[in-house]
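Take a look at the structure below.
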Amino acid sequence: MYMMWAFVLLPLLGALTAWLTPDNRRRSFVLPLFALVHLAMTTWLLIRTPPPSPGGWIFLDALGKLTLLSNSILFAVCAAYAVGYLNYRRKRNNRVLCTALLICLSAMTLVTVSQHLGLLWIALEMTTITMAPLIYFNHNARSIEATWKYLLICSVGIAIALLGLFFLAYSTIVAKQDVSLLLGSLISDASRLHAGWRHAAFIFLLVGFGSKMGLAPLHTWKPDAYGEAPGLVGALLAGGLVNCALLSLLRVYQIAMASSEGALFQEVLLGMGLVSMAFAAVFMARQSDFKRMLAYSSVEHVGIIAIALGLGRAALFGALLHMINNALTKGVLFLSSGNMHRAYNSKSTQFVRGALKRTPWSGALFLAAFLAITGSPPFGPFVSEFLIVSTAFVQQNYWTGALFLVFLALIFIGMASTVLPCVMGKLPKSLENTPYRDTAHTVLPPLFLMGLVLMLGLWIPAPLQDLLREAAGLLGGGK
Amino acid sequence: MNSLADQLLVLCLLLNFTVLGTSRLAFSVRAVALQGVILGVLPALIHPFSWHLVLIVVSIMLAKGALIPILIMRAIRKAEIQREFEPFIGYIPSLVLGALFTSLAFIFAARLPLAPEHEGLLFVPASIATLMCGFLVLMGRRKAISQVIGYLLMENGIFIFGLLLADAMPVMVEAGALLDLLVGVFVMGIVINHISREFSTLDTSRLSALREE
């Protein structure tokens, strides 16, 4: 029990340390230090899971474990990358960045371990707020616009989710039960809750968590925030925060599936997923800003996960695997694109050309991650997307399967038309002189992630497979 | 006691319309703050006495009635603006839409039954109507501060509903939600400050560099 609290509080201690460290350079080392301790504790907790806390509020179940694992790995990689990155940005004070990153890690951890939906909501809201100063790191007109949009839309979304939670709690009062927002009791009593309130609650929760996740048509903040945030913040937004919001949605999914409204909830998710993929396919084409393009890719992949949840059964395993694949691959994409951004001092395809010559490692990583994220073998996302689309056909849901494949193809073409000229192409004649060169500090972290993505495509370790199966079981997925 | 609670809820609804109909920012902030104070009084009227309840009453009044208004007033003073200017949705249309949303809220609420102990109270329609009015302000106004006021109105709407659960919710959840709200408004205040320095205006329609062609 104390172990769990220590686990959540440890990053806060790190945040305090970062805040109190006066020296800009030395402060950046606080990040990897605490991130590695966090990763070590995560591994320990995965092997020896402590029993639920006395009130049942804190417990690490299989779904929480998966999210925690991917968050912790991603954060550790981003923290290692941050040392090299912040070295290039020595003039900018990084006190707020380091502190907010570690507070965010603490909140993300709390999201994964809480079994009480109220506590989960508080932690999720905290991750939203702490990300705002990170998006604003560059302190210019464009980044403030992105920050404002992000802050407003996500705050409103998450407020609507709170109302949904209140509705859910009230449905237990009307049904004459003790009020409880504990996940376990909500699941076991799901079918006895008052139907009208429960229905309203599901809609509000879906809208709320959906906007945080960036499911279309609630995704409008995403391109701006992802485009303007520094690469490592983008990686955490697209890999970490999205998974936290997804985990919250999965909790609602668990309750919905235990009630009589599971089928309806699945249909809505399926619809939103397809709309998300369609939006991504349209806006991905002719995108001249490669970081904004990544945002639409993120919309696409939360859409894919939503479709998998909508299909249910065998696709659930794929959904969870895709959650991890997407987070890790997005990490590579954002970190390597951040490097290219530094090297060219631009993120427009007009100026960024021939990255393979200027920054060979980052360019190659960006290219490989592009192939991975669009579902090319032998990388991880191929396996999970294949699982999902084959389930659609097995369930004789031909329309979904066909649309899924068409959108994937369109997105591949759209993304290739941006990525290939950036990476291959000829170097532009007039090249701005920038201090950035590929070094071990900024290349090894994304390279490590890329290795993991490749590994997941070829071989999924047995413990991870068990964990995925157990988590899919929690969602109601058959073997 | 219940009739007094209902009267206070009607007052909340009226305050929505004051915010919808005025261009003066300081006035709107005061209206939202007054709403916050009413929100603090309400749980005392519908739930039996407990120390848990006292804590909630005090913290809601302190946060929504004092701290948050002070934060926003400071942002208004620093940015040196007094009025909303040329909103996307004018004041008269806002009022009409507000009335429409309020009546829709009553229709919506009629379909959802209340627990016997809350029978006949206006909590649900008041909550939904305030939420919608807040949304209207958020969407219809240009100035960043007006948008924050709209957000606060929405939050008030959500809290109105939350009051029905006041003695059932664990105190930690309530406190956490309020704390998050406070920190959120604090961060928004800082961002507003930066917007006014960067653009020398708080007009969010100027924030359009990132639009998709």
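Here B:S94, B:S50 are screened, and the one residue that is among the polar types (S, T, N, Q), more than 15 Å from the chain's Cα centre (by Cα) and at pLDDT 90 or above is B:S94. If you go through the stretch B:189-213 and keep only what is within 10 Å of chain A (Cβ to nearest Cβ), under 27 Å from the mean Cα position of the chain (by Cα) and either modelled with pLDDT under 70 or closer than 9 Å to B:A144 by Cα (or both), you end up with B:I192, B:I195, B:T204, B:S208.
Here's the yes/no breakdown for (1) of a type in the set (A, V, I, L, M); (2) assigned to a helix (DSSP H, G or I); (3) over 13 Å from A:Y170 (Cα atoms); (4) touching a residue at least 24 places away in the same chain (Cβ under 8 Å):
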position: B:T130; (1), (2), (3), (4): no, yes, yes, yes
position: B:F135; (1), (2), (3), (4): no, yes, yes, no
position: B:M139; (1), (2), (3), (4): yes, yes, yes, yes
position: B:V148; (1), (2), (3), (4): yes, yes, yes, yes
position: B:L152; (1), (2), (3), (4): yes, yes, yes, yes
position: B:G157; (1), (2), (3), (4): no, yes, yes, yes
position: B:L164; (1), (2), (3), (4): yes, yes, no, yes
position: B:A168; (1), (2), (3), (4): yes, no, no, no
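Among the residues of the stretch A:347-374, those identified as of a type in the set (S, T, N, Q) and touching a helix residue (DSSP H, G or I) at 6+ places or on another chain (Cβ under 9 Å) are A:S348, A:T349, A:T359, A:S362, A:T374.
Checked against (1) out of contact with any helix residue (DSSP H, G or I) (no Cβ under 6 Å at 6 or more places or on another chain); (2) over 30 Å from A:Y81 (Cα atoms), A:S288 passes all but a single condition, namely (2). Assess whether A:S259 counts as being hydroxyl-bearing (S, T, Y) and farther than 29 Å from B:M132 by Cβ. In short, no.
For the stretch A:73-114, which residues satisfy the criterion of being away from chain B (no Cβ under 14 Å) and touching a strand residue (DSSP E or B) at 6+ places or on another chain (Cβ under 8 Å)?
A:V113
Checked against (1) over 24 Å from A:V8 (Cβ atoms); (2) in contact with a helix residue (DSSP H, G or I) (Cβ under 6 Å, 6 or more places away or on another chain), A:N140 meets all criteria but (2).
Output the helices (runs of 4 or more DSSP H) that fall wholly within the stretch A:1-63 and possess 3 or more residues being among the aromatic types (F, W, Y), or say none.
The qualifying helices (runs of 4 or more DSSP H) are A:2-20.
With respect to the stated conditions, A:I388 is aliphatic (A, V, I, L, M) and touching a His at 6+ places or on another chain (Cβ under 8 Å). Of all the listed residues (A:M424, A:M415), the sole one being touching a residue at least 12 places away in the same chain (Cβ under 8 Å), surrounded by fewer than 17 Cβ atoms within 10 Å (Cβ to Cβ) and within 30 Å of A:A79 (Cα to Cα) is A:M424.
Can you tell which of A:A372, A:A392 is under 30 Å from A:V268 (Cβ atoms), surrounded by 22 or more Cβ atoms within 10 Å (Cβ to Cβ) and within 20 Å of the chain's Cα centre (by Cα)?
Being under 30 Å from A:V268 (Cβ atoms), surrounded by 22 or more Cβ atoms within 10 Å (Cβ to Cβ) and within 20 Å of the chain's Cα centre (by Cα) holds for just one of A:A372, A:A392, which is A:A372.
Considering (1) surrounded by fewer than 24 Cβ atoms within 10 Å (Cβ to Cβ); (2) at positive phi, the lone condition that A:F279 does not fulfil carries the number (2). Scanning the stretch B:109-118 turns up one or more residues that are in contact with a helix residue (DSSP H, G or I) (Cβ under 6 Å, 6 or more places away or on another chain), free of Cβ contacts under 8 Å to residues at least 60 places away in the same chain and more than 9 Å from every other protein chain (Cβ to nearest Cβ).
Determine whether A:A258 is farther than 23 Å from B:A109 by Cβ, more than 13 Å from chain B (Cβ to nearest Cβ), surrounded by fewer than 21 Cβ atoms within 10 Å (Cβ to Cβ) and not basic (K, R).
yes
Taken together, the residues in the stretch A:441-460 that are without any contact (Cβ under 8 Å) to a residue 60 or more places away in the chain and more than 22 Å from the chain's Cα centre (by Cα) amount to 1. When the stretch A:168-198 is filtered for residues that are assigned to a helix (DSSP H, G or I), surrounded by fewer than 18 Cβ atoms within 10 Å (Cβ to Cβ) and not aliphatic (A, V, I, L, M), the ones remaining, listed by number, are A:G184, A:S185, A:S188, A:S191, A:R192, A:G196. Counting just the residues of the stretch A:214-232 that are in contact with a Gly (Cβ under 9 Å, 6 or more places away or on another chain), under 28 Å from A:L86 (Cα atoms) and of a type in the set (A, V, I, L, M), which one comes out nearest to the other protein chains (Cβ to nearest Cβ)? Step by step, filter the stretch A:214-232, then rank; the result is A:A225.
Results for (1) surrounded by fewer than 23 Cβ atoms within 10 Å (Cβ to Cβ); (2) within 25 Å of A:P463 (Cα to Cα), shown as yes or no for each residue.
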{"residue": "A:L321", "(1), (2)": "no, yes"}
{"residue": "A:T329", "(1), (2)": "no, yes"}
{"residue": "A:L333", "(1), (2)": "no, no"}
{"residue": "A:M340", "(1), (2)": "no, no"}
{"residue": "A:R358", "(1), (2)": "yes, no"}
{"residue": "A:P377", "(1), (2)": "yes, yes"}
{"residue": "A:L387", "(1), (2)": "yes, yes"}
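Considered as a group, the residues in the stretch A:427-443 that are loosely packed, with under 15 Cβ neighbours inside 10 Å and at pLDDT 85 or above include one that is farthest from A:L321 (Cα to Cα), and that residue is A:T439. In the set B:A75, B:A63, only one residue is closer than 30 Å to B:D167 by Cβ and small (G, A, S); that residue is B:A63.
Checking each residue in the stretch A:115-167 for being at the interface with another protein chain (Cβ under 9 Å from one of its Cβ atoms) and not in a helix (DSSP H, G or I) picks out A:H116, A:H139, A:N140. Note on the stretch B:133-185: among residues that are more than 9 Å from chain A (Cβ to nearest Cβ), under 24 Å from A:F137 (Cα atoms) and not β-branched (V, I, T), the one that is surrounded by the fewest Cβ atoms within 10 Å (Cβ to Cβ) is B:L182. Close contacts from the stretch B:32-54, counting a first residue that is closer than 15 Å to B:F161 by Cβ and a second that is small (G, A, S) and not in a helix (DSSP H, G or I), with Cβ to Cβ under 6 Å and a gap of 6+ residues or different chains, come to B:P43/B:A166; B:H47/B:A166.
One residue alone among B:A66, B:A105 is surrounded by fewer than 20 Cβ atoms within 10 Å (Cβ to Cβ), within 19 Å of B:L15 (Cβ to Cβ) and of a type outside the set (D, E, K, R), and that residue is B:A66.
The values are calculated or read from the model by the stated rules, or taken from the named source; none is laboratory data. Keep in mind the model is a prediction, meaning the values are calculated, not measured. Ideal geometry is used to build each Cβ from the backbone, glycine not excepted, and the neighbour counts take in all protein chains shown.
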